[in-house]
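The values are calculated or read from the model by the stated rules, or taken from the named source; none is laboratory data. In this text the structure is predicted, and so the values were computed from the model without any measurement. No Cβ is skipped: glycine too gets one built from the backbone with ideal geometry, and neighbour counts run over all protein chains shown. Quick note on the areas: whole protein, heavy atoms, side chains included, nothing else; ligands and nucleic acids left out. Shrake-Rupley method; radii C 1.70, N 1.55, O 1.52, S 1.80 Å.
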Amino acid sequence: MSVKRYGLYIAYAPTVDLRREGLGRYLASFLKGAQQRDDAHFVVACPSWSRQSLADLFDSEGLLGERVTILSPDGEPYLLRLYERYQAYQQRRRTRVGLRQRLRLALHARLKRGRERIERHLAQAHSPRSLLALLGDLGGILLLALLAAPFALVAVLLGTVWRLLRPLTNRLVRAPLHQLRARLSGLLSDPKGDDWVVRVFRAMHQSESQRMKALIEGRDDVAAWYCPTAFWPEFNEIDVPRLMCVPDVVLNEFSIGFAEIGGDRFLDTFETVGRAIRSADHLVAYSQTIKWQTLVERYAVAAERVNVVPHAANRLDHLVEVVSGFDDPEATSLNYCRSLLLGALEKSSNPAYARGVRNRELKFLFYASQFRPNKNLLSLLKAYEFLLRRRFIPHKLLLTGDPQKMPEIEQYIRARNLEQDVICVPGLSLAELAACYKLADLAVNPSLSEGGCPFTFTEALSVGTPVVMANIPVTLEVLRGEELQQASLFDPYDWQDMAERIHWALNHHDELLALQLPAYEALCQRDWSDVAGEHIAILERISRDAVPS
């Protein structure tokens, strides 16, 4: 059987870890589905700075390297190399203890040991000999103090001189240096927030896109190319048969929320997505809702230019399932998940509290998502606080986003004294994610907008955990049946309805699970090889149409 090559285009920014991105997981599932076919080979084009991240993603997902080719320009930009080396230096500096600190700690430890010996000898003194031992310890400490005195005197003198000169140095040297250091620190710690960095990156990205374009156009053996998102309009400038995916355009629906956290970058991204959609030849979406309500109605795209390829079930059970070798595989699996959970809690936004959580029977609700305006997190927090303090549920709420990315979330948690009840654990590995789903009493997804039926449904049910979710159009496309919808869905714009649905689900766990499992098993009839196959069929069609007759 002949093997045909197809291309996959990604152009993420530097420092992005694809293993932590939803699109990265989608790409891994898509390529694993494609690898089940004997007639297709994918070439993945990426910027020079994404090659290692892509290789790490393939390794973590168990993708066969010989079935996927990575195509990227040689050599990272020098400016990016300098930034990466600075970040590595800062990491080493944060974990390194300086000489002054080591000396201080050593002196403190020596004095502490001497004090403890004196206290012990004082308590045990009962003869002249024992008093001599006590005097010896006192002499040792006195000698240590005498040896340290010159250094202490020098430090005091230098401190006095510094205090006298500080006003002058502040005015002439320190203030300008402090301003420069603050600018550089902000630039390096949050490069996305600096206008100069954004301009430099844009130029860097444009240059890299041109290098990728040359490589792609030089591959005559690739039938057609697929771009899995609309964030990269440069894809549409490549002179090859092209298919672009539009997962969703939440920037349009939640413009104020994204503008508050993204500033001018939001406007740039919004314009970029619109430009990509308008310049695309062929489009694909995950749902009929995105096709008709977003692409056809909002962007006036001709319906015949848009294909719909729904997701397959996203399963996690293989990551925590113990198949054989133990008398009780389920108990072994639970113990493994609990150890993974303790590891996940180490990444908590409140590590001091999380380190103290050693209850192996911790009860919690779980929502796996990054923190973004469309995720409806404040409504979930209101519903949870009501259940915690009015219905007295004994559950924590575990979230996988970083609260610093949305200050209003962090402020709400602090203002309502929920720091020990709402635990944020960003950066989970796939195994830790699966463990959290399995150990949760209930998975929740309050999102107001998604590109397709949220992965929450199949991810949670694959490890035996029931789900309640927002009643939104893309979910109604997939979860059919009035009884299933009434039991599983809530009004996402009404936090009280959300709270009631969560409370009902906690009290009817087995009933809800039994109702949802048949729907889950039906969704599992479609796998990622079906998704890849349908994309390949579209790519094959547009490649044939591109050949001059």
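For every residue, the table says whether it meets (1) out of contact with any Pro (no Cβ under 9 Å at 6 or more places or on another chain); (2) more than 21 Å from residue 521 (Cα to Cα).
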residue: 399; (1), (2): no, yes
residue: 405; (1), (2): no, yes
residue: 409; (1), (2): no, yes
residue: 420; (1), (2): yes, yes
residue: 424; (1), (2): no, yes
residue: 430; (1), (2): yes, yes
residue: 438; (1), (2): yes, no
residue: 453; (1), (2): no, no
residue: 459; (1), (2): yes, no
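On the basis of being modelled with pLDDT under 90 and surrounded by 21 or more Cβ atoms within 10 Å (Cβ to Cβ), does residue 267 make the cut?
On the way: modelled with pLDDT under 90: yes; surrounded by 21 or more Cβ atoms within 10 Å (Cβ to Cβ): no.
Against the criterion (modelled with pLDDT under 90 and surrounded by 21 or more Cβ atoms within 10 Å (Cβ to Cβ)), residue 267 does not qualify.
What number of residues within the stretch 232-245 are touching a residue at least 60 places away in the same chain (Cβ under 8 Å) and either under 21 Å from residue 289 (Cβ atoms) or open to solvent by 50 Å² or more (accessible area, probe 1.4 Å) (or both)?
Number satisfying all stated conditions: 1.
Identify all residues within the stretch 459-502 that are of a type in the set (Ser, Thr, Tyr), open to solvent by 10 Å² or more (accessible area, probe 1.4 Å) and in a helix (DSSP H, G or I); write none if there are none.
If the condition is that a residue be of a type in the set (Ser, Thr, Tyr), open to solvent by 10 Å² or more (accessible area, probe 1.4 Å) and in a helix (DSSP H, G or I), then 462 is the only one that fits.
Within the stretch 394-405, can you find the residues that are assigned to a helix (DSSP H, G or I) and among the basic types (Lys, Arg)?
The initial filter retains those residues of the stretch 394-405 that are assigned to a helix (DSSP H, G or I), namely 403-405.
405 - this is the single residue of the stretch 394-405 that is assigned to a helix (DSSP H, G or I) and among the basic types (Lys, Arg).
Can you go through 408, 385, 419, 432 and tell me which one is within 22 Å of residue 465 (Cβ to Cβ), outside any strand (DSSP E or B) and among the charged types (D, E, K, R)?
Every option except 432 fails the conditions.
Please work out which residue is farthest from residue 434 (Cα to Cα), limiting yourself to the stretch 297-338 and to residues that are among the hydroxyl-bearing types (Ser, Thr, Tyr) and in contact (Cβ under 8 Å) with a residue 24 or more places away in the chain.
Among those residues, the one meeting the criterion is 299.
If I go through the stretch 1-36 residue by residue, how many of them are among the aliphatic types (A, V, I, L, M), at pLDDT 90 or above and farther than 12 Å from residue 58 by Cα?
4
Which condition does residue 300 not pass, out of (1) at pLDDT below 90; (2) of a type outside the set (Asp, Glu); (3) in a loop (DSSP other than H, G, I, E, B); (4) over 26 Å from residue 431 (Cα atoms), if it passes all the others?
Failed condition: (1).
Tell me which of these residue 16 doesn't satisfy, since it passes every other one: (1) of a type in the set (Val, Ile, Thr); (2) assigned to a loop (DSSP other than H, G, I, E, B); (3) out of contact with any helix residue (DSSP H, G or I) (no Cβ under 7 Å at 6 or more places or on another chain).
(3)
What do you reckon, is residue 432 surrounded by 18 or more Cβ atoms within 10 Å (Cβ to Cβ), touching a residue at least 40 places away in the same chain (Cβ under 8 Å) and more than 21 Å from residue 492 (Cα to Cα)?
When the stated conditions are applied, residue 432 passes them.
Could you say which residue among 383, 415, 440 is of a type in the set (Gly, Ala, Ser), more than 24 Å from residue 57 (Cβ to Cβ) and either touching a Lys or Arg at 6+ places or on another chain (Cβ under 7 Å) or surrounded by fewer than 16 Cβ atoms within 10 Å (Cβ to Cβ) (or both)? Step through it out loud before you land on a result.
Numbers: 383 fails: either touching a Lys or Arg at 6+ places or on another chain (Cβ under 7 Å) or surrounded by fewer than 16 Cβ atoms within 10 Å (Cβ to Cβ) (or both); 440 fails: either touching a Lys or Arg at 6+ places or on another chain (Cβ under 7 Å) or surrounded by fewer than 16 Cβ atoms within 10 Å (Cβ to Cβ) (or both).
Result: 415 is the single residue among 383, 415, 440 that is of a type in the set (Gly, Ala, Ser), more than 24 Å from residue 57 (Cβ to Cβ) and either touching a Lys or Arg at 6+ places or on another chain (Cβ under 7 Å) or surrounded by fewer than 16 Cβ atoms within 10 Å (Cβ to Cβ) (or both).
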